[in-house]
1. Starting from segment B:98-109, keep only residues that are closer than 11 Å to residue B:190 by Cα, then list their pairs with residues that are outside any helix (DSSP H, G or I) whose Cβ atoms are within a distance under 8 Å, requiring at least 6 positions of separation or different chains.
2. Which residue, of B:219, B:198, is within 21 Å of residue B:109 (Cα to Cα) and under 16 Å from the mean Cα position of the chain (by Cα)?
3. I'm trying to understand the selection: among the residues of segment A:1-35, which are closer than 18 Å to residue A:45 by Cβ, part of a strand (DSSP E or B) and of a type in the set (S, T, N, Q)?
4. Mind counting the residues in segment B:85-110 that are surrounded by fewer than 23 Cβ atoms within 10 Å (Cβ to Cβ) and under 14 Å from residue B:182 (Cα atoms)?
5. Here are B:140, B:187, B:125: which of them is closer than 19 Å to residue B:35 by Cβ and in contact with a helix residue (DSSP H, G or I) (Cβ under 7 Å, 6 or more places away or on another chain)?
6. Count, please, the residues in segment A:52-66 that happen to be free of Cβ contacts under 8 Å to residues at least 60 places away in the same chain and not in a helix (DSSP H, G or I).
7. Scan segment B:76-99 and tell me whether some residue there is within 14 Å of chain A (Cβ to nearest Cβ) and either at pLDDT 95 or above or at negative phi (or both).
8. For segment A:125-148, name all the residues that are under 22 Å from the mean Cα position of the chain (by Cα) and among the polar types (S, T, N, Q).
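The values are calculated or read from the model by the stated rules, or taken from the named source; none is laboratory data. Everything numeric in this text was worked out from a predicted model, so none of it was measured. All Cβ positions, even for glycine, are placed from backbone atoms using ideal geometry, and neighbour counts span all protein chains on display.
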Amino acid sequence: MQVLNLESANRTLEQVSDPEIPVLTIADLGIIRDVKTEGRWVEVTITPTYSGCPAMDTIEADIRTALKEAGWDEVKVKTVLDPPWTTDWMSIDGRRKLEEYGIAAPMDGTADKRILFGKAVEVRCPRCKSIHTQRISQFGSTPCKALYQCSSCLEPFDYFKCI
Amino acid sequence: MNLDLKNYTLFLADNALILGQRLGEWCGHGPVLEQDIALTNISLDHLGQSRMLLQYAAKQVGNGATEDSLAFFRNEGEFRNLLITELPNNDWAYTLAKHFLFDTFNFFQYEFLMNSKDETIQAIARKAIKEIAYHAQFSAEWIIRMGDGTEESHQRVQNAIDELWMYTGEMFVADSSSEAMTKAAVAPDYALLKEQWQEKVSQVLEIATLVKPEEGWMQKGGREGKHTEHMGYILAEMQHLPRTYPTAKW
């Protein structure tokens, strides 16, 4: 049995992965806002990526299971909305893992917070690294992704939207 | 309990819930896969927003109310959504025109709510605005594509805008609860939103080579629970399972 403290709780949480994008841990995603411990009691505060994201319920259940297995008697998972989650909170390591997995990572500083025909963002093909890509659809297989296609190697790919 | 805050929270929640439920009908019927996925994603955003708002409304209602009891066990007269959110989808042009008119309103509404004096509504709005901005962009792009597209797409989207126009009036006419919330700086001044909305809508219609309908007689009633004939049917579909099997679990 490992020691139960804030550090070990964080270590356990670092191993919980995103159910939709299993190469990312929830720590990579930046959705853990706070962790508190007292004795054998632990409270984790998370924030949703998208309000309707069905993965959030699974993530909450996975956090509970992981912490219970690590020996915590009482696990509380709290959700906060403000400040709202942004892709800026995704770790550098997470961005690298995403690209290796075949999903273009959200671009720094070019957040597409544009409304009604704003400037298009530059998205790099995760396969051949070309920047000659085109958006097929603003929406993809999950709320957090958009559909792109590379004009150089013709590979269709997902882009993790910047919000 | 603050009755006006409860009613206003339900107004926001019901708009999202009914619009999301209606849009979900496109699932599996989109013209191409990408657009099918787009509409269901938007529907999911609306349902997510309505859950957060209904959870907040449930706290105010008390008596063991939950997001589920408010969604599935209220009757037609207790829903406060705008009529435009309950109208049928009809064809692609009609659906996108409906969303364009509503999304533009919704964007300006939530832009205000990001600084609402009510902390919970403020937090929900700061989360939702990112999604709502995306919706507004998506529907506006489609209005332009169809309006400035083929003769048929132009005609269809023009007809849709003309038919839907009379449902836009009630967006800007507050009921007594909304009015009280405006005074408390919880809600925007709906009459003032009209100007921003008119400007954006005119701008997009012009790019789309569409004619903006003239001001005329407007439908109203949604905010007070007086709905169109379509509302009963959408509730029947949404509520029949939990009402038939109240203990059913997902």
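1. B:105/B:168; B:108/B:188; B:109/B:188
2. Numbers: B:198 fails: under 16 Å from the mean Cα position of the chain (by Cα).
The unique qualifying residue is B:219.
3. A:25
4. Residues meeting the conditions: 1.
5. Working: B:187 fails: closer than 19 Å to residue B:35 by Cβ; B:125 fails: closer than 19 Å to residue B:35 by Cβ.
The match here is B:140.
6. Of the residues in segment A:52-66, the ones free of Cβ contacts under 8 Å to residues at least 60 places away in the same chain are A:54, A:56-66.
Still in the list and also not in a helix (DSSP H, G or I): A:54.
Of the residues in that region, 1 qualify.
7. Going through segment B:76-99, the residues within 14 Å of chain A (Cβ to nearest Cβ) turn out to be B:96, B:99.
Applying the additional criterion that residues be either at pLDDT 95 or above or at negative phi (or both) yields B:96, B:99.
Within segment B:76-99, one or more residues are within 14 Å of chain A (Cβ to nearest Cβ) and either at pLDDT 95 or above or at negative phi (or both).
8. The answer is A:137, A:138, A:141, A:142.
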